[in-house]
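Structure, as structure tokens:
Just so you know, all these numbers are worked out from the coordinates, no wet-lab data involved. Since the model is a prediction, treat every value here as computed from it, not as a measurement. Using ideal geometry, Cβ is built from the backbone for each residue, glycine included, and neighbour counts are taken over all protein chains shown.
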Amino acid sequence: MAKKTLRNIQVAGKRVLVRVDFNVPLQDGQVADDTRIRAALPTIRFLRESGAKIILVSHLGRPKGKIVPELRLNPVAERLSELLETRVNKLDVSIGPEAQTAAASLNNGEVLLLENIRFYPGEEKNCPQLAHDLAQLAEVYINDAFGTAHRAHSSTVGVAAFLPAVAGLLLEQELKMLGDALNKPKRPFVAVLGGAKISDKIIVLENLTTTVDILIIGGGMAFTFLAAQGIEVGRSLLEKNKITVAARIMDLAQEHNVQLLLPQDVVVASEPANEVPAEVVAVDAIPTDQMGLDIGPRTAQQYARAISQAKTVFFNGPMGAFEYTPFAAGTKTVAQALADSAAISIVGGGDSAAAIAKFGLGAKITHISTGGGAALKFLEGKELPGLAALEDE
Ligand code: ADP
Ligand code: MG
């Protein structure tokens, strides 16, 4: 990455505004999964040890410019304070006199958490006034919110115009892992793409098809590829208007000598549910009244073998409707292969990360991206606005 990071600047004694991604799931007023808070700890600890005065800003959920009491960051402050083993002062505002006073009275190493920035209507519009008001709190800006780096908002982009702006350690790490995989992968490079729809991931598919050695397709999107080969897919998820896209990607794979693997067998049922009779059929024998909801065991084994030969594996998109027990096996086999392989393994995508967590394999994956949408944008080869706004090295 050619961007300055917090390691390149002096922060001792300075008020530092850090955009973090504390967009965590809540349940009964508590943080249900603190992965994203933990992911921000290296930067926060680094700043504390360096004697900075730390002002954290994040969004949570989609309050759409209004104060939504259930989306206040209080539970986040509580959890963060436990993880840091220090008091985190949480405000009910993000800007204005109260925030300025609190910021000005910080001691070196102290941590202040501002209120959910999306309570302000200006945030998602990248309003310069809001950016300016945020910037007034600090002397330096650090973006460590990889999960929102694909959005041009006041706290991710606008504020960088008013302060020296550099990357945090998480942002740096995400870009290094994803960037190295994309730009200088250890080969063979295998991409496993699944999830619901082709339409979400056309550009990622196209971009990876010209980069990888093996492209593995599963999940709902596989059926549009199968349909492009003239296979009847019954009631499976089929994007009729994307059949030509699928055909083009198959051509592209051939042109680039990329091995493209599609399911040979699938698990079919009448609907995605937990208590539903399911059976394994060959892809050319999907009953017209059934839908394919997972890759079959033969396919899963074939995919696992391909993964075991890889030096770099990128996994985005579950192989089936893994939320339901009868359709979880394909994703589990593939995730296990990822965990068992000695390759650099990278997982991007919210549901993919959830699947890895569900199977308890997180510790065996090289890098699980904290940003679903941002990781996909990056893999499309697009510049992330939150990154572009930072100073070059
Ligand atoms: P990610 O968040 O990792 O990028 P996606 O959001 O693209 O993944 O896809 C995840 C969703 O795809 C899951 O909700 C899963 O149930 C669904 N899915 C996977 N396979 C199928 C299938 N064969 N039919 C319908 N839905 C599927
Ligand atoms: Mg998803």
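Of all DSSP-defined beta bridges confined to the chain, some 25% are antiparallel rather than parallel. Going from the fewest other Cβ atoms within 10 Å to the most, the residues Asp289, Asp28, Asp351, Asp92 appear in the order Asp28, Asp289, Asp92, Asp351. Relative to the longest principal axis of the Cα atoms of the chain, helix 169-183 runs at roughly 30 degrees.
Each Lys and Arg adds +1 at its Cβ and each Asp and Glu adds -1 at its Cβ; summed about the Cα centre, the range 34-168 shows a dipole of about 340 debye. According to the square roots a ≥ b ≥ c of the eigenvalues of the Cα gyration tensor, what is the shape class of the range 6-170, taking rounded for a/c under 1.5, prolate for a/b larger than b/c otherwise, and oblate for the remainder? Note, shape of the range 6-170 comes out rounded.
Evaluate the charge dipole of the range 177-379 about its Cα centre and quote only its size in Debye, nearest 20, assuming +1 on the Cβ of each Lys and Arg and -1 on the Cβ of each Asp and Glu.
My answer is approximately 700 debye.
Remark: the Ser105-Glu85 segment gains 5.2 nm on full extension, using 0.36 nm per residue and subtracting the alpha carbon distance.
Taking the Cα centre of the chain as reference, the dipole from Cβ charges on Lys and Arg (+1) and Asp and Glu (-1) amounts to some 760 debye.
For the chain, with equal point scatterers placed on the C-alpha atoms only and solvent neglected, what are the log10 I(q)/I(0) values from the Debye formula at q = 0.08, 0.11, 0.13, 0.14 1/Å, to two decimals? Normalising to I(0) and taking log10 leaves -0.46, -0.81, -1.03, -1.13.
Annotation for the range 126-189: trypsin sites (Lys or Arg not before Pro) lying in DSSP loop with at most 15 further Cβ atoms inside 10 Å of their Cβ are Lys186. Each of Leu361, Ser345, Leu252 was scored by the projection of its Cα onto the charge dipole of the chain, and the greatest displacement toward the positive side belongs to Ser345; charges sit on the C-beta of Lys, Arg, Asp and Glu. Looking at the square roots a ≥ b ≥ c of the eigenvalues of the Cα gyration tensor of the range 177-379, which shape do they give, rounded for a/c under 1.5, prolate if a/b is larger than b/c, or oblate? Note, shape of the range 177-379 comes out oblate.
List the pairs from Lys242/Lys382; Lys332/Lys382; Lys53/Lys90; Lys64/Lys382; Lys176/Lys377 whose alpha-carbon separation is above 19 Å, in the order I gave them.
Table pairs above 19 Å Cα-Cα are Lys242/Lys382; Lys332/Lys382; Lys64/Lys382.
The alpha carbon centroids of the range 56-123 and the range 331-387 are separated by 29 Å.
Per-residue Cβ neighbour counts within 10 Å put Met319, Met177, Met221 in the sequence Met177, Met221, Met319, beginning with the fewest.
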